[in-house]
Every structure is written in structure tokens, then in C-alpha cells.
Amino acid sequence: MQIETLWPHCLNELQQNLGASQFNIWIKPLSAQMIDDTLVIAVPNQIFLQFIRDRYLGMIEMAAAKLCAGVPPPIELKVGQMSAPAPRVAARSANAASDEAAPAAAVAPVKTGKRFDAGGASHETTRL
């Protein structure tokens with residue numbers, strides 16, 4: 001099989017080995033693509049990242065190993081959404097400085113609740 005089919009293959013393996021609710025809650029929201037020979041898996045938030053790392057990363061690696069003759073590519077988990085891979089360009093573009101400053105993936109801020117200062121006033125906290 002080709003490397004382009006790696007993530008769909010992993011999804012199929014996981015769907016066969018997990019219950020429907022586990023698959024739909026934890027695996028279906030993930031997206032992935034190959035970037036520089038690494039399978040980069042995007043997760044919706046930090047809770048997903050930790051849970052996938054702790055509970056499902058081994059299963060994903062085993063599914064990938066089946067497709068890749070026993071040696072899966074490196075797998076990276078990241079919070080955010082997958083963006084379309086940028087075309088590889090040998091020379092720097094005229095807008096290289098602004099290109100480098102643009103984020104690779106959109107990450108929405110997460111409201112984490114209220115915090116209180118020493119005077120007792122509450123403040124809404126936001127984390128990226």
C-alpha cells in the first residue's frame with residue numbers, strides 16, 4: 001500500500017478493534033496527513049491529545065506498522081486543525097518574512113474559567 005493510504009488504513013483498523021462509541025468519540029474527530037515522512041495527527045484539544053497519547057497511540061502505531069512492513073513512520077500529535085500542506089519551494093518568496101510569521105494551523109482560544117485576584121474581583125481566563 002502507498003503512504004497516502006496510511007491514515008485511512010489506520011482508521012479502518014481502529015474502527016474494527018474499538019467499540020463504536022469509543023471510535024466515534026475519540027478517533028473520528030482526528031485528522032491526519034503526512035508531513036516530511038511523519039504522520040501528523042491533529043486533535044481538537046489538549047484533553048484529546050493526552051487521552052489519545054495514553055490510550056490509542058500504541059494502537060495507531062500498530063495499525064501503521066501493518067501497512068509499513070512493520071516499521072511505522074514517526075507519529076506526532078498536535079492540537080489544532082490540519083492545514084493544506086504548503087508547496088515546497090526551493091527559493092524564498094518575496095513575502096518570505098510574512099510567510100514565516102503565518103501560523104501553520106488555526107488554534108482557537110479555550111475559555112478556562114474564572115480566576116480571582118487578591119481583591120476578590122473575578123476575571124475570565126483564556127488559553128490558546
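So here's what we get for this one:
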read-out: Scope segment 62-87; condition assigned to a loop (DSSP other than H, G, I, E, B) and β-branched (V, I, T); matching residues; value: V71
read-out: Those residues of segment 14-61 which are in a helix (DSSP H, G or I), without any contact (Cβ under 8 Å) to a residue 12 or more places away in the chain and open to solvent by 60 Å² or more (accessible area, probe 1.4 Å), in sequence order; value: Q16, A20, S21, Q22, N24, I25, I47, Q50, D54
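The values are calculated or read from the model by the stated rules, or taken from the named source; none is laboratory data. Just so it is clear, the structure is predicted and the values come from calculations on it, not from any experiment. A quick note on method: Cβ atoms are made from the backbone with ideal geometry, for glycine too, and the neighbour counts reach across all protein chains shown. The accessibility values were calculated without ligands, DNA or RNA, using every heavy atom of the protein model including side chains. Shrake-Rupley method; radii C 1.70, N 1.55, O 1.52, S 1.80 Å.
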